[in-house]
Amino acid sequence: MLQRYSRPEMTRIWTPEAKYRIWYEIETHACDAMAELGVIPIENAKALHKLKNHEFDHHRITAIERETKHDVIAFLTYLAELIGAEDSRFIHQGMTSSDVVDTGFNIQLLRACDILIEDLRALKTALKQRAVEHKYTPRVGRSHGIHAEPITMGLTFARFFAEMDRNLCRLHAARANIATGAISGAVGTFANIDPRVEEYVCKQFGLSPEPISTQIIPRDRHAQLFSTFGIIAGSIENIAIEIRHMQRTEVFEAEEFFSSGQKGSSAMPHKRNPILSENLTGLARLIRMTVAPAMENIALWHERDISHSSVERNIGPDATITLDFALTRLTRVISNLVLYPDRMQANLDRLGGLVMSQRVLLALTQAGMSRERAYELVQHHATNVWNHGRDFKSELLKDANIIEFLSPETLEDSFSMDYHLRQVDTIFERVFPSQDASQDE
């Protein structure tokens with residue numbers, strides 16, 4: 001990944017040094033288990049512990065791999081160089097490359113998930129804070145991009161909070177599903193290694209033994225995880241699109257924080273563009289791009305092939321590093337988002353009260369007018385207001401057919417903003433329950 005869209009904590013998980021450290025730990029735990037079972041001499045197992053604080057030279061391993069054309073053999077050869085042929089002769093006994101590579105890959109994914117879980121929690125906190133802050137700040141709701149009825153800015157934030165809460169649940173589930181390891185040997189039969197070795201190694205990393213691993217860990221597990229990444233990316237773009245809309249000059253209900261000295265355009269000094277939200281839209285596309293190959297990795301030949309390997313070497317780091325960066329960036333955007341309640345109110349009033357048309361329609365039907373007649377009258381006046389820029393309530397008050405059913409006081413009540421906001425507390429209680437241990441914030 002480009003350093004521009006990377007954060008060090010996540011990037012470190014995918015360095016060659018981190019990968020080889022995990023491989024070393026897998027081999028060490030396997031030797032410890034085999035020594036305890038009496039399969040190999042305990043002295044040979046202890047020899048690996050001498051490398052506990054060793055910094056693995058990935059350049060040397062790469063040089064060996066250029067000759068062997070096999071990454072795990074290159075790594076094992078490197079270990080032999082460090083501890084000697086005699087002490088290294090029992091390393092990897094009964095194991096196959098996938099035991100190390102697949103288990104190691106899952107460990108990396110789990111560590112990445114732990115960071116992403118914290119990212120989502122931080123984003124939820126920011127969304128909740130803004131939701132509470134603007135719980136009753138009215139703005140117009142839109143359907144098909146057209147003014148519909150009043151909502152509040154707090155409800156918009158609460159909607160995004162609930163979506164990210166679902167994503168957090170999805171990520172927890174996908175993490176649990178990927179938390180397996182396999183030390184089962186060639187074609188997964190344990191012919192040359194005791195299943196208790198697998199159990200021991202998995203326990204050291206907080207994994208569950210894969211029930212049946214053939215020679216690899218089944219890739220439907222990984223497909224679920226990357227699909228979850230894709231859904232989260234879709235949610236990121238969902239929020240980014242809303243912010244980009246709100247910052248449009250014609251709308252201007254919000255804008256990304258514009259710092260002192262920041263420039264918006266090389267040509268037009270006045271420009272203040274939603275560049276962070278646009279960037280998030282692009283990053284979301286990159287993350288979703290990893291879903292299809294993860295799905296295609298499920299179908300592999302027989303007990304093992306490596307058609308998935310080149311894919312995962314790319315999408316593992318790319319998806320997690322990009323998603324980590326995107327979630328962190330979105331959290332900052334939400335926390336620093338500048339909101340303009342006065343502009344929200346002005347947009348609400350822009351159509352001269354037409355956003356209250358359903359309330360008038362319902363009041364007429366409740367007063368005894370047929371729905372068909374009520375709709376016809378309300379739409380007639382709404383059309384005049386829409387076409388000629390008149391005031392909706394004033395037009396209605398001039399119509400004897402309406403006043404026959406609605407008094408001026410009742411009609412005035414139909415334009416009450418409080419009516420549209422009366423269930424905001426109910427919705428907030430659903431999204432932010434006062435007593436709910438399941439809310440993972």
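The values are calculated or read from the model by the stated rules, or taken from the named source; none is laboratory data. Bear in mind the structure is a predicted one, so any value in this text is a computation, not a measurement. Cβ: placed from backbone, ideal geometry, glycine included. Neighbour counts: every protein chain shown. The area values use the complete protein model at the heavy-atom level, side chains included, leaving out ligands, DNA and RNA. Shrake-Rupley method; radii C 1.70, N 1.55, O 1.52, S 1.80 Å.
A few comments on the model shown:
- Some residue of the range 340-347 being within 30 Å of Arg390 (Cα to Cα) and without any contact (Cβ under 8 Å) to a residue 24 or more places away in the chain: yes
- Only residues that are open to solvent by 50 Å² or more (accessible area, probe 1.4 Å) and either within 25 Å of Leu286 (Cβ to Cβ) or outside any loop (DSSP other than H, G, I, E, B) (or both) were counted in the range 252-261, giving 1.
- Scanning the range 212-233 for residues that are part of a helix (DSSP H, G or I), open to solvent by 30 Å² or more (accessible area, probe 1.4 Å) and touching a helix residue (DSSP H, G or I) at 6+ places or on another chain (Cβ under 7 Å) turns up Arg221, Gln224, Ile231.
- Top-ranked residue of the range 30-77 - restricted to ones that are assigned to a loop (DSSP other than H, G, I, E, B) and charged (D, E, K, R), ranked as surrounded by the most Cβ atoms within 10 Å (Cβ to Cβ): Asp57
- Looking across the range 1-44, the residues that are modelled with pLDDT of 95 or more and small (Gly, Ala, Ser) come down to Ala18, Ala30, Ala33, Ala35, Gly38.
- Listed by first and then second residue, the pairs with beta-carbon distance under 7 Å, at least 6 apart or on different chains, first residue in the range 237-251 and over 22 Å from Leu286 (Cα atoms), second of a type in the set (A, V, I, L, M, F, W, C), are Met246/Ala254; Gln247/Ala254.
- Boolean, Ile334 is touching a residue at least 24 places away in the same chain (Cβ under 8 Å), part of a helix (DSSP H, G or I) and more than 30 Å from Arg111 (Cα to Cα): no
- Of the residues making up the range 187-204, those that are buried (at least 19 other Cβ atoms within 10 Å of the Cβ) and part of a helix (DSSP H, G or I) are Gly188, Val197, Glu198, Tyr200, Val201, Cys202.
- Yes/no for Phe428 being in contact (Cβ under 8 Å) with a residue 12 or more places away in the chain and either outside any helix (DSSP H, G or I) or touching a Cys at 6+ places or on another chain (Cβ under 6 Å) (or both): no
- Residue that is most open to solvent (accessible area, probe 1.4 Å), among those in the range 262-317 that are of a type in the set (Val, Ile, Thr) and in contact (Cβ under 8 Å) with a residue 60 or more places away in the chain: Ile298
- Selection count, the range 326-364, where residues are under 16 Å from Ala126 (Cα atoms) and either open to solvent by 20 Å² or more (accessible area, probe 1.4 Å) or of a type in the set (Asp, Glu) (or both): 8
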